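Values in this text are rule-based calculations from the coordinates and carry no lab data. These numbers were taken from a predicted model, which means no experiment stands behind them. As a convention, Cβ positions derive from the backbone with ideal geometry for all residues, glycine included, and neighbour counts pool all protein chains shown.
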Amino acid sequence: MAAFDEAAASAASPALVVEDDPGVREFVVSVLVRRGYRVVAAASGEEAALLLDGERTQLAVLDVGLPGMDGFAVAEQLAPDVPVIIVTGDPVGAYARMQGRVEHFQVLPKPLAVELLEHAVDAAV
């Protein structure tokens, strides 16, 4: 049965993680992989665009404070119905910037708690 689950996960659209802190990025990736997602992870928005190469993503977990293209700019490159989880040290500022995509955005404060991230992922899809 595990092989079937792995095959289904690899065939599904990926979840996107864009986080410049390697420890936080690895943490988020591990949570998503445990939940059955195939994950594309990047340290910047530009790297994410190259890695996705036009592939649709089913979920995005994005840091706001990225070098170059910030998390909101990355979100604007995604399909409008893709759920976005923003992780940030400034959740109040993030809520102020969500501009019209409130139904598909969630904001989580850093440092991330595993339970909050799991709940946000489950609620997003």
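Side notes on the structure shown:
- Listed values for segment 107-113 are Karplus-derived 3J(HN,Hα) couplings in whole Hz (6.51 cos²θ - 1.76 cosθ + 1.60, θ = phi - 60°), namely 10, 10, x, 8, x, 6, 9, and x replaces Gly and Pro.
- Between 0 and 90 degrees, the angle of helix 2-11 with respect to the longest Cα principal axis of the chain falls at about 50 degrees.
- Residue-normalised convex hull volume from the C-alpha trace of segment 2-124: 98 Å³ per residue.
- Kirkwood-Stokes translational diffusion coefficient of segment 47-88, alpha-carbon pairs, 37 °C, 0.692 mPa s, µm²/s: 312 µm²/s
- Rounded tilt (10° steps) of 22-34 against the dominant C-alpha axis of the chain: 40 degrees
- With contributions of -39500 (n - 2.57) from each DSSP H run of at least four residues, the per-residue ellipticity at 222 nm computed over the chain stands at -12000 deg cm²/dmol.
- Approximate spin-label separation L116-D90, in nm, with each point projected 7 Å along Cα-to-Cβ: 1.7 nm
- When you restrict to C-alpha pairs under 8 Å that are six or more residues apart and normalise by the size of segment 15-57, the relative contact order lands at 45 percent.
- Helix 114-124 axis, angle to the chain major axis (alpha carbon atoms, nearest 10°): 80 degrees
- Remark on I85: its backbone amide H falls under 5 Å from those of A60, V61, L62, Q106, a criterion applied only to residues 5 or more positions apart or on other chains, H modelled at 1.01 Å from N.
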